């Protein structure tokens, strides 16, 4: 991936040239010159990112990628050898001389490539080829699911105000946007309603003049007589034709806002009820024009109906589909994940397959019913690949990286952001120097991919203003895997024997057992110089497994699904490592301080519950030397206090640390908190009565954490929580999210939490508070958006109309004694969802009452407030 390679090598160069690397002997002038060349490379990539590049541009991108990789390999090899040899050894002289020679040898190639890029950019014109439009069985898609969305579009087209309005239809590639537009366009009622109709296919590479000529041609003007006219005159002719008439225009397949802004001036507002329907894959483009209609995925029944109609094209043929075929067919349809385009393509395959159980079963047992790669010369591949090809360069590597995760894997945003940053996909500009800004930038990239309908949101954050987890559709996952292999970004290994890549830069194993094969071990040894990432995403592997880790340039090692019985000491030799995630029960060696670039450290323990008699297990004091550390998640370990170590630098701090979780309260004394001043997220576990004393101290010292946004405290064994009598009024007002479990606090202490003006999310689990009554006070929970009450002994919950004015989500689980939900009418306006799980019948009935009250009070549609009621006993009278 050219852009990722350039960003990575540029970061490496800038880091080498920074004052912090003054101890390493470097050819400064040559490296500064190379840095300027790389800036030109970056400009070239951005210049061609807005259009589909031609063959020459594609070849230049490949040369950029290869040369960037070669340069980065040289630098990382030199840095690794420098640290291993020791900075004062005689061997450094020959080491440095060799590096200088290598830079001199590669410099002419860099200069030559830069000249070619400048020449190409000067004369570069986007390809004039039109976007591939794929008719994927639109008539078969007709009337199969999505009737509600189609009816909504028709109603907006035929009804509403007299003013000209735009109806944007948005959704993923292949979901049926064009089909919806054509259904409305050719609807008999629509034909009678509008005097004039135009259907214009725009595509990613449009010309306004050609679009105007196409419109005039549909209005009866001759193309030959109009083609010689200027764009402005063509626009005036179109404007005159539409003036005073009620018209419908479909602008199909729009890729940017500029085309809309350029065309809208030619569509007059006659106040006659004219309408413009716009289809696009991009949410931002749709939003610029009006209120969007989003086309959803088909449900399981709709998917099967579409598949059946594709395979059996007549009622007579449908009679051949017996129960066994339908059972297997439904399984195949479900694997298409609700995408009509994929369902129809699979249906075509089944139509050519013997209608026997064995034949269909073979297809149903495949991981994916359809394999689409970016190299396929098929309409469906071109349609889907276009979404990737039209991405800006900065997003391409991030999107391809989504393919490393197994099928149906729910990807946590925090994990994805950490991996993107550690891989070097997020450019570390001066304005993005802090770890918090880097992570924020990564989340902006993810939001962008979601808005382009390339990534699907699985769960939103509790506050409703972010993404908690996501995934990609299987059709895009196949494209990611194939293109990442082409670009040598990463290779997915699922089984053995499987073609092992030559000199890979990233390997992802979906079957950890493969790592134990001798042949794979030998292949890994051959990839030593180039390996940058090793990801193990197979099922949890509990037995000892020999993993080859001698990769001096490795940046990312995610092996949390493999249990290490001994600490893998090869890890401490990986001086380039940014991301380390393993499962290991023992002590972490002091030599981990050699990982001076480490940003993310995740250590999970196989046995997470410790006995009370066991003393705290501390991370080595040398952990404080990892100055770049920004995410530390070590279940069952604690941060040591540097002030208690003789001879250790007592002034050390971890300025970049933003997340600390899995530790006990021993890690949270005043001395430690002072050394992590920029912490944003803190999660602690309480496993012994002594920890509760430390919790009290933590509450008093909370004020030291001025940037803390999220706090989680879990008492593993409720019953010891009574050691703390009160929360005490020390909760910082900057907290936005609080999660408590097993703490057994008194409800009267809730006022210290409720008075926080910034609190948006509150989760109370498993005896977090005890007592029969919770009475909220005046002006509490003014900004709370999410409230979870789970496994509490509360009986009475008392509020007044001014409490919880902004509450969006309310979840009550296993609160068997609670008698009702006390929210008043004034609290209903913002409610989006109420979930009640295994509570008393009066609580369920009061939830239904709230839903009815909201409908009556605000006169909004029935599904405005989602109500979910679950219970483990059988009482049909309680069903909503």
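The values are calculated or read from the model by the stated rules, or taken from the named source; none is laboratory data. A quick note: this is a predicted structure, and the numbers were derived from the prediction, not measured. Backbone-built Cβ (ideal geometry, glycine too); neighbour counts: all protein chains shown.
Does segment 844-861 include one or more residues that are in a loop (DSSP other than H, G, I, E, B), in contact with a strand residue (DSSP E or B) (Cβ under 8 Å, 6 or more places away or on another chain) and modelled with pLDDT of 75 or more? Checked against the condition, which is being in a loop (DSSP other than H, G, I, E, B), in contact with a strand residue (DSSP E or B) (Cβ under 8 Å, 6 or more places away or on another chain) and modelled with pLDDT of 75 or more, segment 844-861 yields no hits at all.
Among the conditions (1) assigned to a loop (DSSP other than H, G, I, E, B); (2) under 30 Å from residue 630 (Cα atoms), residue 397 misses just one, which is (1). When we screen 517, 537 for residues that are in contact (Cβ under 8 Å) with a residue 60 or more places away in the chain and either surrounded by fewer than 19 Cβ atoms within 10 Å (Cβ to Cβ) or in the same structural domain as residue 408 (by the TED database) (or both), the only hit is 537. Restricting attention to segment 349-380, which residues are touching a residue at least 60 places away in the same chain (Cβ under 8 Å) and more than 14 Å from residue 473 (Cα to Cα)? Selection gives 374, 375, 379, 380. Note on segment 400-427: residues that are surrounded by fewer than 19 Cβ atoms within 10 Å (Cβ to Cβ) and either in a loop (DSSP other than H, G, I, E, B) or free of Cβ contacts under 8 Å to residues at least 40 places away in the same chain (or both) amount to 7. If you go through segment 449-481 and keep only what is surrounded by fewer than 20 Cβ atoms within 10 Å (Cβ to Cβ) and closer than 18 Å to residue 367 by Cβ, you end up with just 471.
For segment 189-304, the helices (runs of 4 or more DSSP H) that sit wholly inside it and include 1 or more residues that are free of Cβ contacts under 8 Å to residues at least 24 places away in the same chain are 208-218, 223-226, 231-242, 257-263.
Which members of segment 143-170 meet the condition of being at positive phi and within 30 Å of the chain's Cα centre (by Cα)?
Correct list: 145, 146.
Do we find that residue 807 is in contact (Cβ under 8 Å) with a residue 12 or more places away in the chain and in contact with a helix residue (DSSP H, G or I) (Cβ under 9 Å, 6 or more places away or on another chain) in this structure? Considered against the rule, which asks whether it is in contact (Cβ under 8 Å) with a residue 12 or more places away in the chain and in contact with a helix residue (DSSP H, G or I) (Cβ under 9 Å, 6 or more places away or on another chain), residue 807 comes out as yes.
I'd like the full set of residues that are under 23 Å from residue 16 (Cα atoms) and surrounded by fewer than 19 Cβ atoms within 10 Å (Cβ to Cβ), limited to segment 553-572. Result: 572, single match.
Looking at segment 484-514, which of its residues are in a helix (DSSP H, G or I) and surrounded by 15 or more Cβ atoms within 10 Å (Cβ to Cβ)? The answer is 484, 485, 512, 513, 514.
Conditions (1) at pLDDT 90 or above; (2) in contact with a strand residue (DSSP E or B) (Cβ under 8 Å, 6 or more places away or on another chain), marked per residue:
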residue: 576; (1), (2): yes, no
residue: 594; (1), (2): yes, no
residue: 618; (1), (2): no, yes
residue: 628; (1), (2): yes, no
residue: 641; (1), (2): no, no
residue: 646; (1), (2): no, no
residue: 656; (1), (2): yes, no
residue: 665; (1), (2): no, yes
residue: 668; (1), (2): no, yes
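Do the conditions hold for residue 660, that is, is it touching a residue at least 12 places away in the same chain (Cβ under 8 Å), surrounded by 19 or more Cβ atoms within 10 Å (Cβ to Cβ) and assigned to a loop (DSSP other than H, G, I, E, B)? When the stated conditions are applied, residue 660 does not pass them. Checked against the criterion of being surrounded by 16 or more Cβ atoms within 10 Å (Cβ to Cβ), in contact with a helix residue (DSSP H, G or I) (Cβ under 7 Å, 6 or more places away or on another chain) and in the same structural domain as residue 176 (by the TED database), the candidates 242, 216 yield just one match: 216.
Among the residues of segment 791-818, the ones that are within 14 Å of residue 843 (Cβ to Cβ) and buried (at least 21 other Cβ atoms within 10 Å of the Cβ) come to 6 in all.
Selection over segment 541-562 of residues that are over 25 Å from residue 81 (Cα atoms), free of Cβ contacts under 8 Å to residues at least 40 places away in the same chain and part of a loop (DSSP other than H, G, I, E, B) gives a count of 4. The residues of segment 563-591 that are in contact with a helix residue (DSSP H, G or I) (Cβ under 6 Å, 6 or more places away or on another chain) and part of a helix (DSSP H, G or I), listed by number, are 572, 590, 591.
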